[in-house]
Amino acid sequence: MGEGYRAPSVEKAFRILRLLSLSERGLGISELAKRLSMSKGTIHGITSALEKVGAVRRDPSTKRYTLGYTLFELGRRAIGQVDLKQLARPVMENLMQKTQASVFLGVLNRDHVTILDVVESTSDFKITSPVGTTIPILAGAVGKVLMACLSEAQVMNIVGALGLHKYTEHSITSPGEYFEQIRKVRDKGYAEDDEEYIPGVRAVAAPIQGLGDTLYAVWAVGFKAILDDEKMKLVARETRDAARLISRWMKKNPDLVS
């Protein structure tokens, strides 16, 4: 494989942030330029951009830069996700054992879901996907269960902006039918996917609630040949119970998630 894509400005910005993180008193443009072997103009341009998004702060009297509160907020969220994974992991492992399906933990990230953790099925015939993989928000069970956590207006806006794609012959492409599915998901507390996203694959997802504005979900996935109608009833019940258990644990430890 060739060398990956590089973004020089981003790399320089992170060099500045790392250096500022090591300074208790903060650093001025001249000192940053000298230590990093960059021009003052480059340092000024990058620090100005970082200041606008709250990544650095500039003391008006000393003209020195220090790390901003935005980084603190992002750090807390990152730590919170790690702690959520640690708490959810044993529940996910138990869910996998009970259902023999692969179990995923994910978070809503703008217009897609990002996988945070995976417990693969011990079966030779299984579904898997690496941590960091993204899933379209309007695809499958996890998309439906997270959309169900939003208001009717938000759901309509997202569907209107992104559209309902035909991933398989079983995908829901009618807005009216999709909205009705979301209403049912709210009533049941979980969502199902019967070959709607991937042919031959079924899934059940449930929301992890009570964690502030960030929306998380846990879902179990397997091949239809294994997850027959009777097995899907078990998977639905166990997935919903697993999500509720994780939610209770997190509510008892509010400091773990920012």
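The values are calculated or read from the model by the stated rules, or taken from the named source; none is laboratory data. Predicted model only: the values in this text are computed from it and were never measured. Positions of Cβ are backbone-derived with ideal geometry, glycine not excepted, and every protein chain shown enters the neighbour counts. Surface areas here come from the heavy atoms of the whole protein model, side chains and all, with no ligands, DNA or RNA. Shrake-Rupley method; radii C 1.70, N 1.55, O 1.52, S 1.80 Å.
A217 - would you say it is touching a Pro at 6+ places or on another chain (Cβ under 9 Å), of a type outside the set (K, R), closer than 21 Å to V91 by Cα and open to solvent by less than 20 Å² (accessible area, probe 1.4 Å)?
Numbers: touching a Pro at 6+ places or on another chain (Cβ under 9 Å): yes; of a type outside the set (K, R): yes; closer than 21 Å to V91 by Cα: yes; open to solvent by less than 20 Å² (accessible area, probe 1.4 Å): yes.
Answer is yes for this residue.
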Any hit, the range 5-22, residues being within 26 Å of S129 (Cα to Cα), open to solvent by 30 Å² or more (accessible area, probe 1.4 Å) and at pLDDT below 90: yes
Inter-residue pairs, beta-carbon under 9 Å, first under 15 Å from S23 (Cβ atoms) and in the range 48-67, second among the acidic types (D, E) and surrounded by fewer than 18 Cβ atoms within 10 Å (Cβ to Cβ), 6+ apart: R57/E51; R58/E51; R64/E31; Y65/E51; Y65/D59; T66/E24; T66/D59
Considering residues of the range 144-158 that are without any contact (Cβ under 8 Å) to a residue 40 or more places away in the chain and in a helix (DSSP H, G or I) only, the residue most open to solvent (accessible area, probe 1.4 Å): N157
Flag for H165 being in contact with an Asp or Glu (Cβ under 7 Å, 6 or more places away or on another chain) and open to solvent by 70 Å² or more (accessible area, probe 1.4 Å): no
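Restricting to the range 168-189, and then to whatever is open to solvent by 40 Å² or more (accessible area, probe 1.4 Å) and touching a strand residue (DSSP E or B) at 6+ places or on another chain (Cβ under 8 Å), can you tell me which residue is nearest to S247 (Cα to Cα)? Even if it seems obvious, please write down each step before you answer.
Filtering the range 168-189 for residues open to solvent by 40 Å² or more (accessible area, probe 1.4 Å) gives 169-170, 173-177, 180-181, 183-184, 186-188.
Then keep just the ones that are touching a strand residue (DSSP E or B) at 6+ places or on another chain (Cβ under 8 Å); that gives 170, 181.
On the way: H170: 31, Q181: 23 Å.
Going through the qualifying residues, I end up with Q181.
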Residues satisfying the stated conditions in the range 82-127, i.e. assigned to a helix (DSSP H, G or I), hydrophobic (A, V, I, L, M, F, W, C) and closer than 11 Å to A242 by Cα: A88, V91, M92, L95, M96
Test: residue in the range 232-241 that is of a type in the set (S, T, Y), at pLDDT below 95 and assigned to a helix (DSSP H, G or I): no
Residue pairs meeting the criteria (Cβ under 8 Å; at least 6 apart or on separate chains; first within 9 Å of L138 (Cα to Cα), in the range 159-181; second in a helix (DSSP H, G or I) and among the hydroxyl-bearing types (S, T, Y)): V159/Y178; L164/Y178
Residue pairs meeting the criteria (Cβ under 9 Å; at least 6 apart or on separate chains; first touching a residue at least 12 places away in the same chain (Cβ under 8 Å) and of a type in the set (S, T, N, Q), in the range 214-229; second part of a loop (DSSP other than H, G, I, E, B) and open to solvent by 10 Å² or more (accessible area, probe 1.4 Å)): T214/V257; T214/S258
Index of the failed condition, D193 passing every other in (1) in contact with an Asp or Glu (Cβ under 9 Å, 6 or more places away or on another chain); (2) open to solvent by less than 60 Å² (accessible area, probe 1.4 Å); (3) among the charged types (D, E, K, R): (1)
